[in-house]
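Just below is one structure, and these are the notes that go with it.
Throughout, read-outs are computed from the coordinates displayed, never taken from laboratory work. Note that the structure is predicted; figures quoted are calculated from it, not measured. No Cβ is skipped: glycine too gets one built from the backbone with ideal geometry, and neighbour counts run over all protein chains shown.
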Amino acid sequence: MIKLSNLICILGLTLIISCKEKHQPRYPVPKDAAASFNIIYDSLSNLHTTLSPPNDDDWLKDHPESGQTFKEYIHSKPIGLTATRTKLYLAILGDFDSIQQNMVKKTLEYLSIFYACEAELISIEVDFSSIPKKYFRYNENNEIQVLTDFFLKKLLLENLPNDAFGLIGCTNYDIFPDPQWNFVFGQASLHNRVGVWSMNRLEDNTHATEFKEKTTLRNLKVASHETGHILSLKHCTSYECIMNGSAHIDETDSKPVYLCPICLGKTHFNRQFNLTDRFQNLESFWNRNKISIYHQYYEIVKGIQFSVH
Ligand SMILES: [Zn+2]
Ligand SMILES: [Zn+2]
């Protein structure tokens with residue numbers, strides 16, 4: 001079913017993307033938090049589509065989740081920036097070829113814009129041939145498949161930089177979260193500042209000389225979704241949203257790249273970005289990458305005057 005990429009090359013990349021954002025403490029919760037959320041919600045809700053009942057093989061059919069309100073989110077004391085934890089790190093886990101390296105760099109840039117944060121690429125050395133047996137098995141294509149615990153409870157935690165509010169790893173090995181599961185596209189901790197995604201099942205057909213648009217969208221969707229979890233956002237069950245759960249690749253393809261108004265409100269509470277600047281930067285990103293399917297959305301939202309900071 002899934003074609004294994006030929007993986008070559010080891011890399012040592014240093015790439016830093018910085019954003020200058022003021023950041024005030026979020027606790028105790030500022031008095032205007034609910035009012036700011038309401039402004040965001042009222043400004044955007046008519047542009048978004050509520051989530052339809054799931055099909056038989058969709059995420060919510062097997063995982064009937066209740067979602068997370070804005071109030072629940074802010075009272076969960078979500079992971080976010082602190083005085084000393086100011087950066088998002090993206091770690092390359094394993095050997096990537098030049099095309100995959102470019103995809104990771106593109107993802108780093110996107111995450112930096114999406115979450116309006118300083119983002120840095122690092123490489124964590126990992127010898128997959130010596131992973132303890134309890135952390136891997138073979139998938140249906142006889143490829144090595146790595147248990148996400150290896151990344152989330154061991155490798156990433158052991159390599160978490162002191163100034164990281166989050167560390168997301170990218171691997172090209174197939175991954176699974178539990179022996180009962182076939183695979184997972186990505187997984188993250190809501191509380192431990194780490195997450196991981198796998199490129200293994202995201203390629204559109206063959207490993208072409210350049211990643212295709214669909215492959216790019218899939219990687220950006222999964223990486224931004226898992227980073228949302230790192231910021232303690234739970235799955236969204238209200239709107240079509242990047243924070244919707246995804247059980248199969250068609251479900252990943254069908255969900256939008258953007259946050260719904262509720263999840264944007266949570267993320268804005270956490271990150272305190274300028275909403276218009278963020279929308280403009282996202283539109284520029286998609287234009288630079290010649291991906292036009294979200295052009296109309298960003299054309300509209302970048303023009304909205306939000307009376308919140
Ligand atoms: Zn998720
Ligand atoms: Zn949402």
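Within straight-line reach of residue 154, meaning a Cα separation under 25 Å, sit the following lysines at least 8 residues removed in sequence or on another chain: 77, 87, 105, 133, 134, 221, 234.
Working from label points 7 Å from Cα in the Cα-to-Cβ sense, the residue 105 to residue 46 distance is 4.3 nm. Relative contact order for the chain: 24 percent, from Cα pairs under 8 Å spaced at least 6 residues apart, divided by residue count. Multiplying each eigenvalue of the alpha-carbon gyration tensor of the chain by 5 and taking the square root yields semi-axes of 30, 21, 20 Å, largest first, rounded to whole angstroms.
For residue 61, a cut-off of 18 angstrom between C-alpha atoms picks up these aspartates and glutamates, skipping any fewer than 8 places away in its own chain: 240, 250, 251, 253.
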